[in-house]
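These notes concern the structure reproduced below.
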Amino acid sequence: MPIHGIGRGGLLLGDFGFLSGGVAGRERARVVVEVTPLVQPNGIDPAVLRVLQAGPWSGLPLQPATLDPRGLGLRKNRHRCEGWLGTIVCEAEEFIEDLIAMVEGRPDHDRRGRRITLTLPPNGLQPMLLQTELDASETPGTVHVFDIVQTDPSGRRGGIRVGAVVVP
């Protein structure tokens with residue numbers, strides 16, 4: 001369970017990189033990756049809280065987020081797009097993914113999709129980014145928790161839980 005600190009400033013923006021991967025095989029795998037904010041009405045998720053209390057942010061007045069993220073989405077990580085042709089291909093893939101997300105529906109006014117369909121290369125991994133935008137009024141120690149779940153065509157699911165803490 002990764003924890004990501006998001007510093008105070010004009011906007012509270014955070015990117016968290018992770019890898020999406022398929023089952024080892026010789027064929028391409030089509031998977032759906034989805035991010036969901038975790039509602040914490042009874043306090044911070046205990047596993048996330050244990051990690052926070054053992055880390056560099058243990059001195060903050062930790063509290064669960066009461067506001068929804070202003071923006072939340074998933075994108076392919078562009079770091080592998082090299083050269084002008086690679087950049088054009090990556091931008092075209094993102095444009096197509098945005099169109100798919102528009103057809104599938106996006107929550108509220110969020111410009112980024114919270115659900116993305118990927119075609120993974122054989123035995124391959126796809127670098128991804130979870131992108132968040134939090135309300136600038138949130139105080140240091142506010143903790144947001146997100147589940148990132150990947151589902152393959154057979155219905156097999158796996159994922160990670162990510163915490164974002166507002167830091168001074």
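The values are calculated or read from the model by the stated rules, or taken from the named source; none is laboratory data. Please read these numbers as outputs of a predicted model, since none were measured by experiment. Positions of Cβ are generated from backbone atoms using ideal geometry, with glycine treated the same way; all protein chains shown enter the neighbour counts.
I'd like to know if region 110-124 contains one or more residues that are modelled with pLDDT under 85 and over 18 Å from Ser20 (Cβ atoms). Spell out how you get there, then give the answer.
First pass over region 110-124, keeping only residues modelled with pLDDT under 85: 110-124.
Filter once more, so that each one left must be over 18 Å from Ser20 (Cβ atoms): 110-111.
The answer is yes; a qualifying residue exists.
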## Note on the structure
Log entry, pairs with first residue in region 21-45 being at pLDDT 80 or above, second being charged (D, E, K, R) and surrounded by 17 or more Cβ atoms within 10 Å (Cβ to Cβ), beta carbons closer than 7 Å, six or more apart or on different chains, reads Val32/Arg115; Glu34/Arg114; Glu34/Arg115; Val35/Arg114; Leu38/Asp45
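In region 144-155, which residues are in contact (Cβ under 8 Å) with a residue 12 or more places away in the chain and more than 20 Å from Gly17 (Cβ to Cβ)? Break it down into steps so the answer makes sense when it comes.
Start the filter on region 144-155 by keeping residues that are in contact (Cβ under 8 Å) with a residue 12 or more places away in the chain, which leaves 144-153.
Across region 144-155, the qualifying residues are Thr151, Asp152, Pro153.
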### Cβ pairs under 9 Å, 6+ apart, first in region 116-142 and over 30 Å from Trp57 (Cβ atoms), second part of a strand (DSSP E or B) and among the polar types (S, T, N, Q)
Leu118/Ser20; Leu118/Gln126; Leu118/Gln150; Thr119/Gln126; Leu120/Ser20; Leu120/Gln126
### Message
Just to be sure I understand, how many residues within region 151-168 are in contact with a Gly (Cβ under 9 Å, 6 or more places away or on another chain) and either surrounded by 21 or more Cβ atoms within 10 Å (Cβ to Cβ) or farther than 14 Å from Val32 by Cα (or both)?
### Response
5
### Query
Quick check: is even one residue across region 68-78 at pLDDT below 80 and polar (S, T, N, Q)?
yes
### Query
Is there a residue being surrounded by fewer than 17 Cβ atoms within 10 Å (Cβ to Cβ) and within 14 Å of Arg30 (Cβ to Cβ) anywhere in region 132-146?
no
## Note on the structure
Of the listed residues (Glu138, Glu91), the one being more than 18 Å from the chain's Cα centre (by Cα), modelled with pLDDT of 85 or more and not aliphatic (A, V, I, L, M) is Glu138
## Note on the structure
Expected output for region 50-73 (first residue within 29 Å of Arg114 (Cα to Cα), partner among the aromatic types (Phe, Trp, Tyr), Cβ below 8 Å, 6+ apart or cross-chain) is Leu72/Phe146
